[in-house]
Amino acid sequence: WLEVGFDKEAGEIGPAYEEALVGFVDAIPQLTPPLGDTDAIARGRALFASAEVGCTSCHAGEHGSNEATVDVGTDGAFQVPSLAGLAYRAPYLHDGRARTLAERFALSGGGLDRHGHTTQLDTAQIDDLIAYLQSL
């Protein structure tokens, strides 16, 4: 730790440690989203962006998050995460209660309409929304 400038006692990061950490993070390859049905992804993107569904009220901006801490009906308030790389981050929700994205939209404990407004969507629309989310 001391070789790279991290003082555990003081909890301070020195320039060498910061440089080493940035080098490590920059060396992590970016995962490519899985290929999907481009038409389904486009329909899902439109749903995601629609005021009716409301995803972009929280999952928007440069980082795909408003960085707020909110309670969406999943047993507590949590920071809104970015959805980038979502296809590779199962299980879902803060406690892993949804093994798949389909389960996230089906679970009554998944927040339902406190976590976007999706209960009015039919199965095909949910599938399109999932296709879009997996493309991020």
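The values are calculated or read from the model by the stated rules, or taken from the named source; none is laboratory data. Every value quoted in this text rests on a predicted model; they were computed, and no experiment measured them. As a convention, Cβ positions derive from the backbone with ideal geometry for all residues, glycine included, and neighbour counts pool all protein chains shown. The accessibility values were calculated without ligands, DNA or RNA, using every heavy atom of the protein model including side chains. Shrake-Rupley method; radii C 1.70, N 1.55, O 1.52, S 1.80 Å.
Count, please, the residues in region 21-62 that happen to be open to solvent by 40 Å² or more (accessible area, probe 1.4 Å) and touching a strand residue (DSSP E or B) at 6+ places or on another chain (Cβ under 9 Å).
1
Using beta carbons and a limit of 7 Å, which pairs, at least six apart or on different chains, have the first residue in region 64-91 and more than 19 Å from A49 (Cβ to Cβ) and the second one of a type in the set (K, R) and surrounded by fewer than 16 Cβ atoms within 10 Å (Cβ to Cβ)?
These pairs meet every condition: G73/R114; A90/R99; P91/R99.
Please verify whether T119 is under 17 Å from L136 (Cβ atoms) and open to solvent by 40 Å² or more (accessible area, probe 1.4 Å), treating the condition exactly as stated. Spell out the reasoning first.
Working: under 17 Å from L136 (Cβ atoms): no; open to solvent by 40 Å² or more (accessible area, probe 1.4 Å): yes.
Answer is no for this residue.
Restricted to region 63-104, and to residues that are within 11 Å of the chain's Cα centre (by Cα) and of a type in the set (S, T, Y), which residue is most open to solvent (accessible area, probe 1.4 Å)?
By that ranking, first place goes to Y88.
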